[in-house]
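The structure under discussion appears below in the form of structure tokens.
We did not get these values from a lab; they are worked out from the coordinates using the rules stated. Treat the numbers as computed from the prediction; the structure is a model and nothing was measured. No Cβ is skipped: glycine too gets one built from the backbone with ideal geometry, and neighbour counts run over all protein chains shown.
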């Protein structure tokens, strides 16, 4: 099942913010990272796929989001796996 980013973010129970990589900070690198997240029926992140963004920044996003946990999503009263886009901004 596909959900909007806002809906998925409301269901977060454990959230680890992506750390701004030291090298990216040193290079004054900014930008957006867009990922596709697959969340299991139990609310655990199964997969994070980078859709767009600098690799230094996107690695930080993938590492953090893999540790997020969510309230399980339901369809028809049963827990379901969901996919959702997510966007992260890196600004100095």
Inset, instruction - Could you grab me the full set of residues in the range 47-79 that are loosely packed, with under 14 Cβ neighbours inside 10 Å and within 17 Å of residue 13 (Cβ to Cβ)? - result: 67, 71, 74
Legend entry - Odd one out for residue 23 among (1) surrounded by fewer than 14 Cβ atoms within 10 Å (Cβ to Cβ); (2) out of contact with any helix residue (DSSP H, G or I) (no Cβ under 9 Å at 6 or more places or on another chain); (3) not in a strand (DSSP E or B): (2)
Inset, instruction - Considering each of 42, 60, 64 in turn, give the residue that is touching a residue at least 24 places away in the same chain (Cβ under 8 Å), part of a loop (DSSP other than H, G, I, E, B) and in contact with a strand residue (DSSP E or B) (Cβ under 9 Å, 6 or more places away or on another chain). - result: 42
Legend entry - Condition met for residue 18 (part of a loop (DSSP other than H, G, I, E, B) and either in contact (Cβ under 8 Å) with a residue 60 or more places away in the chain or in contact with a helix residue (DSSP H, G or I) (Cβ under 9 Å, 6 or more places away or on another chain) (or both)): yes
